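*Asks:* I'd like to ask some things about the structure below.
The values are calculated or read from the model by the stated rules, or taken from the named source; none is laboratory data. As the structure is a computational prediction, the values presented were derived from the model and not from experiment. With ideal geometry, Cβ positions are generated from the backbone for all residues, glycine too; neighbour counts draw on all protein chains shown.
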Amino acid sequence: MTRTLSFNEQARSELREAANYYGLESPTLRISFLDAIDAALAQLLAHPESAPVVRGNVRHMLLRRFPYSLLYTLRPGEIRILAVMHQSRRPFYWWGRT
């Protein structure tokens, strides 16, 4: 089954904020962060059920090299990104997102 990706608006904002933060450190670091996001999204599209379930039907995929995780759910024909979560901050703030 082919699935599309969609982002919760708050997750999209979290992604922008993290990319901007790394961009302040170094433009190269920003690009590396976005590359890690792209690699994780490609992994999700190729193997959507490979990440462990953390709560209900929400799955948790760690990014390589960066302290962030993608939290997502599987819907018919869609992978919905609920949060781009820093792993050391408020671990359950995303509960209730759709």
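*Asks:* Go through (1) surrounded by fewer than 16 Cβ atoms within 10 Å (Cβ to Cβ); (2) more than 22 Å from residue 2 (Cα to Cα) and name the single condition residue 85 misses.
*Replies:* Failed condition: (1).
*Asks:* Hey, can you tell me all the residues within the stretch 14-34 that are free of Cβ contacts under 8 Å to residues at least 60 places away in the same chain and surrounded by 13 or more Cβ atoms within 10 Å (Cβ to Cβ)? Lay out the reasoning, then the answer.
*Replies:* If we filter the stretch 14-34 for residues that are free of Cβ contacts under 8 Å to residues at least 60 places away in the same chain, which is where we start, we get 16-17, 19-34.
The answer is 19, 21, 22, 23, 29, 30, 31, 32, 33, 34.
*Asks:* Those residues that are in contact with a strand residue (DSSP E or B) (Cβ under 8 Å, 6 or more places away or on another chain) and either within 17 Å of residue 13 (Cα to Cα) or not in a helix (DSSP H, G or I) (or both), I need them from the stretch 37-48; list them, please. Outline the logic, then answer.
*Replies:* From the stretch 37-48, those in contact with a strand residue (DSSP E or B) (Cβ under 8 Å, 6 or more places away or on another chain) are 37, 40-41, 43-45, 48; that's our starting set.
Those that are in contact with a strand residue (DSSP E or B) (Cβ under 8 Å, 6 or more places away or on another chain) and either within 17 Å of residue 13 (Cα to Cα) or not in a helix (DSSP H, G or I) (or both): 37, 41, 48.
*Asks:* Further question on the same structure: Since residue 54 meets every condition but one in (1) at pLDDT 95 or above; (2) within 14 Å of residue 72 (Cα to Cα), which condition does it not meet?
*Replies:* Residue 54 satisfies every listed condition except (1).
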